[in-house]
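Quick notes on the structure that follows.
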Amino acid sequence: MSDGGAAGRMLLTGIGELVTNEPAPDREAGPLGIVRDAAVLVEDGRIAWIGSASHADERLAHRVERDDRRDGDEHRSLWDAEVEVVDAGGRAVMPGFVDSHSHLVFGGDRAAEFAARMAGQRYEAGGIRSTVAATRAASDDELRARLAGFVAELHAQGTTTFEIKSGYGLSVADEERLVRLAREVTDEVTFLGAHVVPFEFREDPAFGGDADRAAEAYVDLVVGEMLAACAPHSRWVDAFCERGAFTAEQSRRVLEAGAAAGLGVRVHGNQLGEGPGVRLAVELGAASVDHCTFLSDADVAALASSETVATLLPGVEFSTRQPYPDARRLIDAGVTVALASDCNPGSSFTSSLPFCIAVAVRDMGMTPAEAVWASTAGGAAALRRTDVGAIRPGMRADLVELTAPSHVHLAYRPGVPLISRVWKDGGLVAQR
C-alpha cells in the first residue's frame, strides 16, 4: 500500500477545537489534548506543525523563507509557495478514526437472520456459514467492487485507517483470495482462517459426526497449507476462541503457528460468555483481544497488567441484544480500550464509528472524550501503529472535520451525519 497522500502544503486554519490526542501542560486537561482556535500545517502528507491559528501565517512564512534560502530564491511570496489554505470556520477537527476490527470482504446478505434475532432468536456463531457459502460463490470482481463501496463508506464516516479480516472463505483458495483482495485496500490484513469449522468438515463422513475430530482436522489445514498461502498477504493472525468456534488449545495452535510465520497476534474472545480468550491473548502477547463482553475479575486484572488492548465492539451488542461490555470497569482498572465497528453481515452490519461512539457513551459507561480517544488513539494502539490516531508533527495527516464545534457532538447528536471533510495522508477523500 502506498501513502496515497497529496504532495505540497496545506494549511488547515480556523479550527475551533483541535483534538490532538496529545495531552500537554498548555492544552486542556484530559486525554484529547485539545487546542482551541488552532491551525494545522500539512506537508507532503504528514503533519508539519500545529498551533494557534493566529500564529499560522508567521509559522508558514518562516517555513517558506527556509525553503527559499535552500532554493536560492529570495523573492517568492507566501502564496507563490503553493500552499492550499483551508478554513474550518470554527468547526472541530480530530484525527481520522482507526477501525481495528472489520470483516469487509464477503458475499451475500443476512438481513433475514437479523430480523429473526429481533424477533427473539438467540445469536450463535454458526450463522457465519451462510456468509461463507455466498462468499465462495462470488467472483473476485464482485467482492472487489463491494469492498470498494465499503471503503468509500468508511471514508465518508471519518475512518482513515482500517483492518480487514478474512474468515468467510474457510478453504485454502478462498482464504487466500480474501486476504489478497483486502491487501489491495489496506496494509492491516488479518488471516482469520480459524473463524468457524466449515460445513464440509463437519459433514465429512470420515469423522462420523465427531465435531472435535472435524475441528482438529480443520485446524491442521489452517496451520499448514492455508497459513502458508495467506501469510504473504497478511500482517496479523486471529482465532475465534469461543463456544461454537475453537477451543483454547485449538486457538493456541493457530496463533502460535501464525506468530512463527511472522504475523502479529489478535484474538476474538469472551463474546458469548466468560472463557479462555482473554487469558490466552495476554499470555501470547496479542496486540488486541476483541469483544470482551463477559469478563471475570481475573480477566480484567490480566489485561491491566499487559500491553494487550481490549477492543470493544458495541455494534455487536446493539445487533444481537447481548449485554454491552463494561468499558468503565476496564478503564478504571487501567486497561487500554479501543472501539471498533466489527462491520460484518451477521452480527454488526455498521461501518460507522460515530455510531459506536454514541452507543459506548450511552450504554458502556464511557465519557465522550474516552470514546473519541478509543476510536482513534485506542484503535492505533490495537494495531500497534504509531503514525496514526493522533495529530502531532511527523504523523500521517489523517484528519476529520466535523460539522460541529466539539467532539462531544458525536455522542450528543447520535445518528446525525456530522462528518464534513476527511483527509487521508493529506489528500481529501470525502466531503459532504
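Structure notes:
- The range 290-347, relative contact order [Cα under 8 Å, separation at least 6], %: 41 percent
- Percent carbon-and-sulfur accessible area, the range 192-284, ignoring ligands, DNA and RNA, probe 1.4 Å: 53 percent
- Exposure ranking of His409, His195 by accessible area [1.4 Å probe, largest first]: His409, His195
- For the chain, the relative contact order is 20 percent, taking Cα pairs closer than 8 Å that sit 6 or more residues apart in sequence and dividing their mean separation by the residue count.
- Label-point separation in nm, Ser296 to Thr386, each point 7 Å along Cα→Cβ: 3.6 nm
- Antiparallel bridge percentage (DSSP; both residues within the chain; nearest 5): 45 percent
- Dividing the alpha-carbon radius of gyration of the range 330-432 by the rule-of-thumb value 2.2 N^0.38 Å gives 1.09.
- Here the peptides 44-52, 26-34 are ranked by packing, the mean other Cβ count within 10 Å, and the order with the highest first is 44-52, 26-34.
- The Cα center of the range 251-278 and the Cα center of the range 92-113 differ in position by 21 Å.
- Whether the range 203-328 is rounded, prolate or oblate, judged on the alpha carbon gyration tensor where a/c under 1.5 counts as rounded: oblate
- Packing-based order for 270-277, 129-136, using average beta carbon neighbours within 10 Å, highest first: 270-277, 129-136
- Think of the chain as having a plus end and a minus end, set by charges on the Cβ of Lys, Arg, Asp and Glu; of Pro198, Cys343, Ser139, Cys343 sits farthest toward the positive end of this dipole.
- Mean separation of Cα contacts under 8 Å (6+ apart) over length of the range 341-411, as relative contact order %: 30 percent
- Computed label-point distance, nm, for sites Ala133 and Asp363 using a 7 Å Cα→Cβ extension: 2.9 nm
- In Hz, Karplus ³J(HN,Hα) per residue of the range 173-182 (6.51, -1.76, 1.60; θ = phi - 60°; x = Gly, Pro): 5, 6, 5, 4, 6, 5, 5, 5, 5, 4
- Residue-normalised accessible area of the range 116-240, given per residue in Å² at a 1.4 Å probe: 38 Å²
- Among (1) 5, 22, 30, 23, 12, 5, 2, 0, 0; (2) 4, 20, 27, 24, 17, 7, 1, 0; (3) 5, 23, 33, 27, 10, 2, 0, the entry that matches P(r) over Cα pairs in 10 Å bins from 0, in percent as calculated here: (1)
- The peptide list 145-156, 257-268, 372-383, 162-173, put in order of mean Cβ contacts within 10 Å with the highest first, becomes 372-383, 162-173, 257-268, 145-156.
- Shape category assigned to the range 145-275 from the gyration tensor of Cα positions, a/c cut at 1.5: prolate
The values are calculated or read from the model by the stated rules, or taken from the named source; none is laboratory data. Predicted model, so just to flag it, every value in this text is computed and none were measured. Here Cβ is always computed from backbone atoms with ideal geometry, including for glycine, and neighbour counts include all displayed protein chains. For the accessible areas, the whole protein counts, side chains as well, though only heavy atoms, and no ligand, DNA or RNA atoms are used. Shrake-Rupley method; radii C 1.70, N 1.55, O 1.52, S 1.80 Å.
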